[in-house]
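Participant: Sharing a structure with you now.
Nothing in this text is a laboratory measurement; each read-out follows from the coordinates by a stated rule. What you are looking at is a predicted structure, and each value in this text was computed from that prediction instead of being measured. In this analysis, Cβ positions are derived from the backbone assuming ideal geometry, glycine residues included, and neighbour counts consider all displayed protein chains.
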Amino acid sequence: MNFLDYKHTVREITKSASRALSALYAKFISCGGMTYDVFTKLYRSVVEPVLYYGSGIWGHTNWREVQVIQNKACRLFLGSASNASNIAIQGDMGLTSTKSAEILETFRLFLRVSKAYDTRLTYKVHMWSKDCSRSWDKNCIKKAQILGIENVINDTFSIKHKLQDIKSKLCEKDKNEWVEKLFNDRNQCNGNKLRIYREYKHVLEFSSYVKLVRNRQHRRVLSNFRSGCLPLAVETGRYTKPKIPLNERTCIYCTDNCVEDEKHFLLGCDFYADLRYDLMKKSGDICDSFNDLDLQDKFIFLMSNDAIQPFLAKTLYQMFYRRRYCV
Ligand SMILES: [Zn+2]
């Protein structure tokens, strides 16, 4: 037991979960798309039971492969490009990490065993292996110490109550980690590619557009626009060799000679002025002072107001279509 390794188990489990996800995606396509609620419900009932099978036993270690499956599911739903940031995708879908779910399952098993009758063999083994180095029980105790939930494990409340406490603790930790990653520039002089995303999104909870924008193509363009991976000059300049400096990634569709970033594309560029008209009119109807706002505030309003999201997605889709085919 001390020297067992769960990597083979996790590999097989992720393979099966990947197959389950493919089956779900096949249904998603054949239905012509699904709403967020239907998709997440099906994901939770078709893929997750496979993905977390036996996670009580192997979940105390962090497995990257498991998170990859969840990211893949989110990408399929949103239609994200391959270079879309996982942080933005996780943020838009509002899902907590798989690591938290695994740890929760581990503590569920741990608490169940520790509450078993003292005549049972599992309980005896549990008590014995608590003091063995590298044992599962010892690892669980160590994990509880790292997470600061020792007192929750040891108090006298019911298992259900304890699990709820652990869940909220893990959720809070997930949210903090997500914000940390969002603002982590890792010594990149221009900031990470989510520098615009973080101006209007700071909390790990689902973004309203995932529910409100029903059209798959519109949702795809909006999602990619938010995560900064539409092929605008600001993004494509990152991948050229040699890399184009940020201030030289200018827009070739108008005469403004400024950087073609998300704000210029959505609000500044004259090439799409007619397509933008309806969106501006609608925004003016929703917010009376919209026309008095400056460019930055208009952008934040458009990206964060719930009612405008379907129109925004539709307009972005039309603008992007024009940009690509110049029609
Ligand atoms: Zn332009």
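Participant: For a quick check of your reading of the filter: which trypsin sites (Lys or Arg not before Pro) in the range 125-188 sit in a DSSP loop and have no more than 16 other Cβ atoms within 10 Å?
Facilitator: Working: sites: Lys130, Arg134, Lys138, Lys142, Lys143, Lys160, Lys162, Lys167, Lys169, Lys173, Lys175, Lys181, Arg186; in loops: Lys130, Arg134, Arg186.
Here the trypsin sites (Lys or Arg not before Pro) that fit, given the DSSP loop and packing criteria, are Lys130, Arg134, Arg186.
Participant: Computed FRET efficiency, Cβ-Cβ of Glu248 and Tyr117, R0 56 Å: what is it to the nearest 0.05?
Facilitator: Working: r = 72 Å, r/R0 = 1.29.
It comes to 0.20.
Participant: Then there is this: Enumerate the aspartates and glutamates that Lys15 could reach by cross-link, defined here as Cα to Cα under 15 Å, with residues fewer than 8 away along the same chain left out.
Facilitator: Counting by Cα, and skipping residues close in sequence, Lys15 has these aspartates and glutamates nearby: Glu48, Glu65.
Participant: Just flag the trypsin sites (Lys or Arg not before Pro) in the range 82-119 sitting in loop per DSSP whose Cβ has no more than 15 other Cβ atoms within 10 Å.
Facilitator: Details: sites: Lys99, Arg108, Arg112, Lys115; in loops: Lys115.
Qualifying residues, ordered by number: Lys115.
Participant: Using a Förster radius of 51 Å, what is the FRET efficiency between Asp274 and Ser16 based on their Cβ-Cβ separation? Nearest 0.05, please. The partial results should precede the final answer.
Facilitator: On the way: r = 51 Å, r/R0 = 0.99.
Between Asp274 and Ser16 the formula returns 0.50.
Participant: Rounded to the nearest 0.05, what FRET efficiency is calculated for Trp128 and Lys181 with R0 set to 45 Å and r the Cβ-Cβ distance?
Facilitator: Details: r = 40 Å, r/R0 = 0.89.
According to the calculation, E is roughly 0.65.
Participant: Subtracting the Cα-Cα distance from 0.36 nm times the residue separation, let me have the gained length for Val46 to Thr255 in nm, one decimal.
Facilitator: Numbers: separation 209, 0.36 × 209 = 75.24 nm, distance 5.19 nm.
Contour length minus the Cα-Cα distance gives 70.1 nm.
Participant: Angle, helix 309-325 long axis vs. longest principal axis of the chain, Cα atoms, 0 to 90°, nearest 10?
Facilitator: Relative to the chain, helix 309-325 is tipped by roughly 60 degrees.
Participant: Extending each Cα 7 Å along its Cβ direction at Lys7 and Arg195, get the distance between those two points in nm, one decimal.
Facilitator: Going from the Lys7 label point to the Arg195 one covers 3.8 nm.
Participant: When we measure straight from the Cα of Lys160, which lysines land under 24 angstrom away, once same-chain ones fewer than 8 places off are left out?
Facilitator: List returned: Lys41, Lys99, Lys115, Lys124, Lys130, Lys138, Lys142, Lys143, Lys169, Lys173, Lys175.
Participant: Fully extended, how many nm does the chain gain between Asn62 and Asp37 (0.36 nm per residue separation, minus their Cα-Cα distance)? Let's see the in-between values first.
Facilitator: Values: separation 25, 0.36 × 25 = 9.00 nm, distance 2.79 nm.
Working it through step by step, the gained length comes to 6.2 nm.
Participant: Relative to the first principal axis of the alpha-carbon coordinates of the chain, what is the inclination of helix 216-226, with its axis defined by its Cα atoms, in degrees from 0 to 90 and to the nearest 10?
Facilitator: Compared with the principal axis, the helix lies near 90 degrees.
Participant: Where in the range 303-327 does the amide nitrogen come within less than 12 Å of the point 7 Å from the Cα of Thr236, taken along Cα to Cβ?
Facilitator: The answer is 323-326, whose backbone nitrogens lie closer than 12 Å to the label point.
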